[in-house]
Amino acid sequence: MPSPMVVFAFILLSYFLVTGGIIYDVIVEPPSVGSTTDEHGHSRPVAFMAYRVNGQYIMEGLASSFMFALGGIGFIVLDQTHSPSTPRLNRILLIIIGFACIIIAAIACYAFMKIKLPGYLMS
């Protein structure tokens, strides 16, 4: 029987791959990054396929998936603060790390949405 940490690692890895769009990447075979032409005619790489909800580059999926996993890990770290045997300093550090993971993931996902759909989150 595998240990709980091995099961957790397997579930987190599968979550990372599924939210990253690995199935889409295998079927459609998109490029890892795209390119756009600037005003001087030079080709510049882009990581996000703007204005396309149903399409993605491989790096876009991996970045988004990493942020989703980081937010999930933040909640798991916050859950570990409820252990009665955790010392006070460790509990404070876990709370700071957990909130930092969640806030970083939320801000990054918000920025990704602003890149993907520029007019969507305007209020």
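What follows draws every value from the coordinates through simple rules; no lab data is involved. In this text the structure is predicted, and so the values were computed from the model without any measurement. FYI the Cβ positions are ideal-geometry reconstructions off the backbone, even for glycines, and counts take in every protein chain you see.
Just to check your reading of the model, which residue among 88, 44 is in contact with an Asp or Glu (Cβ under 7 Å, 6 or more places away or on another chain) and among the charged types (D, E, K, R)?
Working: 88 fails: in contact with an Asp or Glu (Cβ under 7 Å, 6 or more places away or on another chain).
Every option except 44 fails the conditions.
So in the stretch 17-40, with the set limited to residues that are polar (S, T, N, Q) and within 19 Å of the chain's Cα centre (by Cα), which one is farthest from residue 60 (Cα to Cα)?
Here is the first cut: in the stretch 17-40, the residues polar (S, T, N, Q) are 19, 32, 35-37.
Now restrict to residues that are within 19 Å of the chain's Cα centre (by Cα): 19, 32.
On the way: 19: 11, 32: 8 Å.
Among residues in the stretch 17-40 that are polar (S, T, N, Q) and within 19 Å of the chain's Cα centre (by Cα), the one farthest from residue 60 (Cα to Cα) is 19.
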